[in-house]
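Read-outs: derived from the displayed coordinates by stated rules, not from any lab. Predicted, not measured: the structure shown is a model, and the values here were computed from it. When we count neighbours, we look across all protein chains shown, and the Cβ atoms used for this are built from the backbone with ideal geometry, even at glycine.
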């Protein structure tokens, strides 16, 4: 498959051939969905917690005597049956993460990248080097690229200068190719991939 190539200034510079195994996969919604659910589950903090009757303050004294009042028997006003009492079977801190096969995760990434490529939402850039690390320079670069909507920029290696210039731009997110995930790819409208990063993806996803 060939994708549009752009130079460092954002001008069209022809096309570049990319790995067929990564950018020409058939859509597999089941795989993408399973990996997306796994990713979101692993992001959950799981810090929710409710108090049981033993954890609610108070309730040490028996509200009334056992017999003779005509009321139901009660041993504590912190019983789950009472207002402001404890919670039966309430949520407690837990870990929601689980494991899935590495091959499935890689396949899901390939499927999403292929879908973006078929839709014409991927642009390859020779290098992400700006004349100066300023927001205006980054804004002009993306304006020349003619990207719209939420854009995910995938770099070959950490690029502090470009990150510093683009971090104040709305709808621009940067990520190293090693850290790409299905959620981030699906959330983005367009992908801008550094040429070297596209080559590295071939190795990391093979």
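Tabulated values for the structure
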quantity	calculated
Estimated FRET transfer efficiency (residue 187, residue 106; beta-carbon r; R0 22 Å; 0.05)	0.70
Relative contact order %, the chain, counting alpha carbon pairs below 8 Å whose residues are six or more apart	26 percent
Likely footprinting exposure, 147, 163, fewest C-beta neighbours within 10 Å first	163, 147
Region 96-144: C-alpha gyration tensor shape, a/c 1.5 cut-off, then a/b vs b/c	prolate
R0 of 30 Å, Cβ-Cβ distance residue 51-residue 96: FRET efficiency to nearest 0.05	0.90
Sequence of 182, 112 once ranked by neighbouring C-beta atoms within 10 Å, starting from the fewest	182, 112
Helix 195-204 vs. the chain, principal-axis angle (Cα, 0 to 90°, nearest 10)	60 degrees
(1) 25, 19, 16; (2) 55, 21, 12; (3) 47, 21, 15, with the label sought being that of the calculated semi-axes √(5λ) of the Cα gyration tensor in Å	(2)
Tensor-based shape of region 151-206 (alpha-carbon gyration tensor, a/c under 1.5 rounded, otherwise prolate or oblate)	oblate
Full-stretch length increase - residue 176, residue 29 - with 0.36 nm per residue and alpha-carbon distance subtracted	50.4 nm
Exposure proxy order (Cβ contacts within 10 Å, fewest to most) of 98, 183, 39	98, 183, 39
